[in-house]
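Please read the structure below before turning to the comments.
Bear in mind that the values in this text are calculations on the coordinates, not laboratory data. Computed from a predicted model, the values in this text were never measured in an experiment. Here the Cβ positions follow ideal geometry from the backbone for every residue, glycine too, while neighbour counts run over all protein chains shown.
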Amino acid sequence: MVNFKSIIVALIAVLAFTALPACTTPGSVHATDNGRLLSPKAQLYADYISAHYASNLNDVEARSNYFSKAFASRPKDIDLGKRALASAINNGDNELARDLAVEILKLDETDGIARSVLGAEALFRKEYEKSATYLQDAQAGLGVEIFNALIRGWAQYGAGDTDSAVLTFQAMEGGQYFEFLGNLQIASITIQKGEIEKAANMFVALDEMNLAPVETTLAQVRGYMKQGQKDKALETLNTYAKANGGALSGPIRYYIDKIEANKDLMWTLTPSQSASRAISEPAFRFFAAQQQYEPAETFLRIALTLDPKNDKARLFLGSVLEAVERNEEALKHYAFIEQYSPYSVSARLSEADILFGDDNNDAGIKILESIQTSHPSRVTQSSLGRAYLILEDYEHALPYYEALIEDMSETERQENTQVNYLRGICLERLGRWEEAVADFEFVLEHEPENADALNYLGYTWVDKGVNLTKAFDMIEKAVELEPKSGAIIDSLGWAHYKLGRYSQARINLEDAAERSPASATIIDHLGDVYWKLGRTKEASYQWERAAALDPTDKELTVIKSKLQNGLVNGAK
């Protein structure tokens, strides 16, 4: 057996010695954990290699510690300094990041990330001119300068230099999206100043671009509320909600409810808070959307330096951490978002999703039930229904779908047939077949090319041995609609099997098994058709595979019977 871990460690060592020039600086020796002494040169290499290995293990704290130690040993190595700074930022160590940023600017005064760190910290402390100076264009590269410009503009605004702020935002480069963000900042300033008509025209243009509709809406609402125009604010919020399914949770719904209840809220953001929101959107929508997770994390953490209570940035950061498999850190950030935050529902749903992924189902259900109690909505009902359905607890799933359907108008049901489809699944699994058929037929009446409904109803009819001709036609149509779906191709193969067409069934089921090799149902079906074709050894092998692929309890009982007796007593 090849020891891949040893190969990886060796490769890291080769890269480290290639990338890092020999260090000949004299100094004291260091003691290792086992008592042996290392020279400064050896210690430097050890720290460097350890930092890379920690990065491979997703241990951001160790990575930061080792890169910082290596930079301390070689304080004029700018590349080491930049790695140490990035690691400190992504470890959430703001104090270390600040100290490293100071040292890096001594070596390279154009370094954009170091300027971001120090500029953001100064802005948070309301040291506006100092912040703007740090964030001046220093040939830091377009990617970093875009973010620094967004922060700098708000520093200039904080210093009372609105004209310079507007010029900074007008000069945004990087394409339409970033020009849009610059114009959004200008519109926010304009409406906050009370220039309502001018701002309204600007927001119309921004709305038409539809690049950050929630932030555009909230910027308008904050301006209207600052000017005492409650009706205008509610009109803006409700227009967005109507166009987006009622905006059942999140900041739009939060502010509608608060304004209608005459709750006092802070409608004027500080320059630091405004800058935080300005960079949160592109950090996630631009970097994370392109799977550039490290810069996304860096600027989201800087956004939280600017405003530790920016829950949207924290939610975005949690999503990025999930994407790089740092779920424990993501959970800590989600937990930081309080129950009464506009982003509470999204945070709790994200927490539950991680817990379900870790097979901690009871904890996931508990979180969903708590959010349904504190923030009841169709979103939370749907999430609970889907969670129980995935766990194959159809008895608990069904009431949530029934409640959703009862709450929906006929028009809403026709436009969103998924709820009836999922209720149909629950009903079928609970043995309430006639009711299930009614749901599936409702779906197909209003969405005749719904491949999932065609497949589910067709497959179930085939499995029951009824309406075979109609069922066969439905499954063939589903295959035409979704020709790469293993589950749907399996249904077609199973239809042939039920009709005694074993040779054709084998072709379809082998294709389905190749597309979905982890499906216990498909592999089980393949075993059945092999048995019918007299290939009994291959049948037993497939049934053994199916038994190891987490089948349902009912499926496993049948598979065990077939392994013992073949299809004589376990025939389908």
**Item:** From the coordinates shown, Kirkwood radius over Cα pairs in Å corresponds to which of (1) 28.1; (2) 25.1; (3) 28.9
**Value:** (1)
**Message:** Students often forget the sequence filter, so: which lysines lie under 23 Å Cα-Cα from Lys464 once same-chain residues fewer than 8 apart are removed?
**Reply:** Lys477, Lys498, Lys532, Lys554, Lys560, Lys562, Lys572
**Request:** Taking the Cα centre of the chain as origin, sum charge times position over the Cβ atoms of Lys and Arg (+1) and Asp and Glu (-1), and report the length of that vector in debye to the nearest 20.
**Result:** 1200 debye
**Item:** Among 114-126, 381-393, the order from most to least packed when residues are scored by Cβ within 10 Å on average
**Value:** 114-126, 381-393
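Could you compute the net charge surrounding Leu269? Neighbours are other residues with a C-beta less than 9 Å from the C-beta of Leu269; K and R count +1, D and E count -1.
Numbers: positive: Arg222, Arg277; negative: Asp307.
The answer is +1.
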**Asked** How far, in degrees from 0 to 90, does helix 293-306 lean away from the longest principal axis of the Cα atoms of the chain, to the nearest 10?
**Response** 50 degrees
**Asked** Counting other Cβ atoms within 10 Å, which chymotrypsin sites (Phe, Trp or Tyr not before Pro) in region 216-286 have at most 11 and lie in a DSSP loop?
**Response** none
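Quick one: of Lys126/Lys226; Lys232/Lys312; Lys193/Lys309; Lys263/Lys312; Lys232/Lys258; Lys41/Lys69, which pairs are farther than 18 Å apart, Cα to Cα?
Numbers: Lys126/Lys226 22 Å; Lys232/Lys312 24 Å; Lys193/Lys309 24 Å; Lys263/Lys312 21 Å; Lys232/Lys258 15 Å; Lys41/Lys69 12 Å.
Distance filter (> 18 Å) returns Lys126/Lys226; Lys232/Lys312; Lys193/Lys309; Lys263/Lys312.
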**Message:** Nearest 10 degrees is fine. How inclined is helix 502-515 to the longest principal axis of the chain, computing both from alpha carbons?
**Reply:** 10 degrees
**Asked** What FRET efficiency, computed as 1/(1 + (r/R0)^6) with R0 = 30 Å and r the Cβ-Cβ distance, is obtained for Glu338 and Ser516, rounded to the nearest 0.05?
**Response** 0.10
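Mind putting a number on the dipole of region 439-503 about its Cα centre? Charges go on the C-beta only, +1 for Lys and Arg and -1 for Asp and Glu, and I need it in Debye to the nearest 20.
Values: 6 positive and 12 negative charges, 91 e Å.
Magnitude of the dipole: close to 440 debye.
Among Ser491, Ser540, Ser50, Ser87, which comes first, second and so on when ranked by fewest other beta-carbon atoms within 10 Å?
Numbers: Ser491 30, Ser540 16, Ser50 20, Ser87 27.
Result, fewest neighbours first: Ser540, Ser50, Ser87, Ser491.
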**Message:** Counting other beta carbons within 10 Å of each residue's own, what order do Met474, Met209 fall into, fewest first?
**Reply:** Met209, Met474
**Asked** How high is the relative contact order of region 271-376, in percent, with contacts defined as C-alpha pairs under 8 Å that are six or more residues apart?
**Response** 18 percent
**Message:** What do you get for GluC sites (Glu not before Pro) in region 143-183 restricted to DSSP loop and a cutoff of at most 16 other Cβ within 10 Å of the site's Cβ?
**Reply:** Glu173
**Item:** Whether region 200-284 is rounded, prolate or oblate, judged on the alpha carbon gyration tensor where a/c under 1.5 counts as rounded
**Value:** rounded
**Reach of Lys230 by Cα under 14 Å, taken over aspartates and glutamates that are not fewer than 8 positions away in the same chain** = Asp257, Glu260, Asp264
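With the contact rule set at Cα under 8 Å and sequence spacing of 6 or more, what percent relative contact order holds for region 389-440?
On the way: 42 pairs, mean separation 18.3, N = 52.
Relative CO of region 389-440 lands at 35 percent.
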**Request:** Return one number: the angle in degrees, 0 to 90 and rounded to the nearest 10, between the long axis of the Cα atoms of helix 433-446 and the longest principal axis of the Cα atoms of the chain.
**Result:** 60 degrees
**Proximal aspartates and glutamates relative to Lys82, as straight alpha-carbon distance under 17 Å, when same-chain residues fewer than 8 apart are discounted** = Asp47, Glu61, Asp93, Glu95, Asp99, Glu103, Asp108, Glu109, Asp111, Glu145, Glu294, Glu297
**For Glu441, net neighbour charge (Lys/Arg +1, Asp/Glu -1) across residues whose Cβ lies under 12 Å away** = -4
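Calculate for the chain the 222 nm mean residue ellipticity that helices alone would give, adding -39,500 (n - 2.57) per DSSP H run of length 4 or more and normalising by residue count, nearest 500 deg cm²/dmol. Each step should come with its number before you reach the end.
Numbers: 33 runs with 422 residues, N = 572.
Roughly -23500 deg cm²/dmol at 222 nm, from the helical runs in the chain.
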**Request:** Could you work out how far apart the two model spin labels at Tyr177 and Leu57 are, taking each label as a point 7 Å from the Cα in the direction of the beta carbon, and quote it in nm?
**Result:** 3.5 nm
**Request:** Putting +1 on Lys and Arg Cβ atoms and -1 on Asp and Glu Cβ atoms, find which of Ala451, Val529, Leu105 reaches farthest to the positive end of the dipole of the chain.
**Result:** Leu105
**Request:** Note down the relative contact order for the chain as a percent, whole number, built from C-alpha pairs under 8 angstrom at least six residues apart.
**Result:** 5 percent
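Test of the criteria: in region 408-462, which GluC sites (Glu not before Pro) are in a DSSP loop and have at most 14 other Cβ atoms within 10 angstrom of their Cβ? Show your work: numbers first, answer last.
Numbers: sites: Glu410, Glu412, Glu415, Glu428, Glu434, Glu435, Glu441, Glu445, Glu449; in loops: Glu449.
Within region 408-462, the qualifying GluC sites (Glu not before Pro) (loop, at most 14 other Cβ atoms within 10 Å) are Glu449.
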**Request:** With a/c under 1.5 counting as rounded, go ahead and sort region 271-376 into rounded, prolate or oblate using the C-alpha gyration tensor (a ≥ b ≥ c being the square roots of the eigenvalues; past the cut-off, prolate if a/b is larger than b/c, else oblate).
**Result:** oblate
**Complete:** Expressed in µm² per second, the diffusion coefficient of region 111-201 from the Stokes-Einstein equation, with Rh the Kirkwood radius over alpha carbon pairs, at 10 °C and 1.306 mPa s, is 121 µm²/s
